[in-house]
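Here's the structure, in structure tokens; my notes come after.
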Amino acid sequence: MAAPAMAEGIAADPVDLVLAVLLLAMISVFTVLLLLQQRQLRVRSDRELDAHAALLGNIFGALPEMVFYKDRSGTYRLCNGPGSRFLGRTVDTVKGMSDADLFDARTAEQMRQGDKDAIERRSALRSEEWLSGPDGAKVLLEIHRQPLFSDRHECVGVLLTCRDITESRKRQQKLEFQARHDILTGLANRALLHETLTFALQMAKRSGESLAVIFIDLDRFREVNDALGHTIGDLLLRDVAHRLNSNLRDSDICARLSGDEFVVVLTQADEEYVEQKCAQLLEAVSRAYQLQGHLLSISASAGIAMSPDHGDNSDILLVHADAALHHAKALGRNRSCRYSEALSAHKSSQLSLEQDLRDAVENEEFSLEYQGQFRPGEDKPRRVETLIRWPHDERGQISPHEFIPLAESSGLIRELGFWVLRRACAEFMRWRQNGLLLEKIAVNVSAMQINSRFADTVEAIMKESDFQPEWLELEVTESLMMSGMTEVNNQIHQLRALGVEFSIDDFGTGYSSLSKLKEMPVSVLKIDRSFVRNIHDQDNDYEIARAIVAMASSLNIQVVAEGVENDEQGKTLSDLGCQWLQGFRYARPMAGDDFLRQYS
């Protein structure tokens, strides 16, 4: 009876029923609203997530570096624009690929190993790796690998940031090369020479072997620079460097220190081999050069120092080889010389003499003497040669054969040479004012003086003292006149146009042939005293003198015989047709005042 009563109670209470229905409706409405709100939130979240993803994609795409993300298995999940362009594939194509799909087997293994190393270290790892781009060209990449971990410290993948450093590495290597090599020739410079020579000495000492340092310097290289310019000079230095380097073994060293100074290091070398190799190098350097239409011949001198006999470190060996080189130069150039202890003392003396020479040039401590040139049978000169003298306070009279080469090598010859010319012209004018009228005064000119301003300087000096160009004769060497250097020829012809004449001093000792005599812009030849001295004792010397006079006569060139010491020599030369005689038989060199008193 209870259940029906309850049913009756419920049925009998419609208010509760309405409330229940309303409650259910409200719950439904709230549920729908909640679902709608959640959906809106999800849509908004998805939009925000898409926006964040798009932003992240834009950031990755804007990065200049290549960015890749690979999951734990090595599959590419992310790639930006620079990365896709490097791989030659689209961004979407790269996703899902592995290193094996993108690179050759060796490179793929290399990349995979790099990822493993970063994961095992659990920290960022930097490396430099050569990879091939889409065109097959090798590219050096700087790769930063950053392993990524979950909250549970499990690796989920690796983020790679890559930068192409190929060009920067080339620039760096170029700078490093320039710091250790000579820019002009590509040979080792002084710094690299010191480093490699020190190492070679250590190896030689360990193995008990000898090592040779050869200091090589071109003879009269400055003449080439002054006459033809630095462009031709640089081309010559490059060719010399190539000839030296191509004649050496891989274990040897070739360096350029500065200017025309080269150093060759011969490893595992005994004395006989060093002598032979040095001769071979000098011969290679002396072969003719064809440079922009100029045919040049140049020789070289060399100094040799060997370890351990002449030193056991690079500095000492270089100093000793340099001393030997200077001795080779003093002996006449175009040769080699081995170091000895006596050379160090000689070089020290030469350095002291060079400083004295600089002081003498600055203070005009030189003097001039004059030696007459006579017609056969006459006792008064019509021409005169100017001779320079250096009376040193401590060393006495220093021979021009000693200080002129020193003036040339030290760069003092121009100033000294023009001082001589200026004083000689002034002295000649003083003689004329006092009634001593000569036809010519001859002044020696070093090849080192002749540059693009030489003729203008000579002209200016003559104008200073109202000196007439036809009174001046400039004496030059045979080798200079035959050099064919454009600038030398230009300067000579410019002065010839003014009326200045040129003579060849010590003719017959150079390398020119008599057949080329007609090409020389000269008016006078001077037969070297070595032929005159033995003209009666050596048939060859007589024949040389006779040939010179005969050829000069046919070309209307006058001949001066210097070094005539007795009547017999004078008569023979006169009979051959020599127009001028000079030597102790006729007059010794004398000061300007004495010359004026003697012949006025």
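The values are calculated or read from the model by the stated rules, or taken from the named source; none is laboratory data. All figures in this text were calculated on a predicted structure; none of them were measured in a lab. Cβ sites come from the backbone with ideal geometry, for glycine too, and all protein chains shown count toward neighbours.
Results, tabulated for the structure shown:
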{"read-out": "Residues located in segment 229-263, provided they are more than 15 Å from the chain's Cα centre (by Cα) and closer than 19 Å to HIS194 by Cα", "value": "LEU248, ARG249, ASP250, SER251, ASP252, ILE253"}
{"read-out": "GLY61, sole failed condition from (1) surrounded by 10 or more Cβ atoms within 10 Å (Cβ to Cβ); (2) under 22 Å from LEU131 (Cβ atoms); (3) at pLDDT 85 or above", "value": "(3)"}
{"read-out": "Matching residues, segment 389-421, being crowded, with 18+ Cβ neighbours inside 10 Å, under 21 Å from ILE504 (Cα atoms) and either without any contact (Cβ under 8 Å) to a residue 40 or more places away in the chain or in the same structural domain as ALA300 (by TED's automatic domain parsing) (or both)", "value": "ILE413, ARG414, GLY417"}
{"read-out": "From LEU148, LEU197, residue being within 24 Å of GLY311 (Cα to Cα) and either outside the structural domain of VAL265 (by TED's automatic domain parsing) or buried (at least 18 other Cβ atoms within 10 Å of the Cβ) (or both)", "value": "LEU197"}
{"read-out": "In segment 384-421, residue modelled with the highest pLDDT [restricted to those that are hydroxyl-bearing (Ser, Thr, Tyr) and more than 20 Å from MET590 (Cβ to Cβ)]", "value": "SER410"}
{"read-out": "Tabulated pairs, segment 539-557, first within 24 Å of GLU501 (Cβ to Cβ), second hydroxyl-bearing (Ser, Thr, Tyr), C-beta under 8 angstrom, 6+ apart or interchain", "value": "ILE557/SER523"}
{"read-out": "Top-ranked residue in segment 550-600 [being in contact with an Asp or Glu (Cβ under 7 Å, 6 or more places away or on another chain) and either among the aromatic types (Phe, Trp, Tyr) or part of a helix (DSSP H, G or I) (or both); ranked as farthest from PHE507 (Cα to Cα)]", "value": "GLY592"}
{"read-out": "The listed residue being aliphatic (A, V, I, L, M) and under 31 Å from the mean Cα position of the chain (by Cα), out of LEU357, LEU368", "value": "LEU357"}
{"read-out": "Single condition GLN290 does not satisfy, out of (1) under 30 Å from ASN489 (Cβ atoms); (2) part of a helix (DSSP H, G or I); (3) within 21 Å of the chain's Cα centre (by Cα)", "value": "(2)"}
{"read-out": "The lone exception for HIS346 - which of (1) touching a His at 6+ places or on another chain (Cβ under 7 Å); (2) modelled with pLDDT of 90 or more; (3) not acidic (Asp, Glu) it fails", "value": "(2)"}
{"read-out": "Inter-residue pairs, beta-carbon under 8 Å, first assigned by TED's automatic domain parsing to the domain that holds TYR69 and modelled with pLDDT under 80 and in segment 133-145, second in a strand (DSSP E or B) and surrounded by 10 or more Cβ atoms within 10 Å (Cβ to Cβ), 6+ apart", "value": "GLY133/VAL139"}
{"read-out": "Members of segment 520-547 that are among the basic types (Lys, Arg), surrounded by fewer than 19 Cβ atoms within 10 Å (Cβ to Cβ) and within 30 Å of LEU495 (Cβ to Cβ)", "value": "ARG529"}
{"read-out": "Residue satisfying all of: in segment 95-132; among the small types (Gly, Ala, Ser) and free of Cβ contacts under 8 Å to residues at least 12 places away in the same chain; surrounded by the most Cβ atoms within 10 Å (Cβ to Cβ) among these", "value": "ALA108"}
{"read-out": "Residue that is modelled with pLDDT under 95, of a type in the set (S, T, N, Q) and in a loop (DSSP other than H, G, I, E, B), where the choices are SER530, SER512", "value": "SER512"}
{"read-out": "Contacts under 8 angstrom Cβ, first residue in segment 217-245 being touching a residue at least 40 places away in the same chain (Cβ under 8 Å), partner among the basic types (Lys, Arg), 6 or more apart", "value": "ASP217/LYS329; ASP219/LYS329; ASP219/ARG333; ARG220/ARG333; LEU237/ARG256; ALA241/ARG256; ARG243/ARG287"}
{"read-out": "Selection from segment 369-386 of residues that are part of a strand (DSSP E or B) and either basic (Lys, Arg) or buried (at least 18 other Cβ atoms within 10 Å of the Cβ) (or both)", "value": "TYR370, GLN371, GLY372, GLN373, PHE374, ARG383, VAL384, GLU385, THR386"}
{"read-out": "Filtered residue count, segment 579-595, keeping only those that are in contact with a Gly (Cβ under 9 Å, 6 or more places away or on another chain) and either within 15 Å of GLU378 (Cα to Cα) or among the β-branched types (Val, Ile, Thr) (or both)", "value": "7"}
{"read-out": "Lone unmet requirement of (1) in a helix (DSSP H, G or I); (2) surrounded by 19 or more Cβ atoms within 10 Å (Cβ to Cβ) for CYS254", "value": "(1)"}
{"read-out": "Residue in segment 207-224 that is out of contact with any strand residue (DSSP E or B) (no Cβ under 6 Å at 6 or more places or on another chain), among the β-branched types (Val, Ile, Thr) and part of a helix (DSSP H, G or I) present", "value": "yes"}
{"read-out": "Single condition CYS425 does not satisfy, out of (1) free of Cβ contacts under 8 Å to residues at least 40 places away in the same chain; (2) not in a loop (DSSP other than H, G, I, E, B)", "value": "(1)"}
{"read-out": "Every residue from segment 425-472 that is surrounded by fewer than 14 Cβ atoms within 10 Å (Cβ to Cβ) and under 37 Å from the mean Cα position of the chain (by Cα)", "value": "SER452, ARG453, ASP456, ALA460"}
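Yes/no matrix, rows are residues, columns are (1) over 49 Å from the mean Cα position of the chain (by Cα); (2) crowded, with 21+ Cβ neighbours inside 10 Å; (3) at negative phi:
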position	(1), (2), (3)
ALA552	no, yes, yes
ALA561	no, yes, yes
VAL564	no, yes, yes
GLU568	yes, no, yes
LEU573	yes, yes, yes
GLN579	yes, no, yes
GLY583	no, yes, no
ASP594	yes, no, yes
TYR599	yes, no, yes
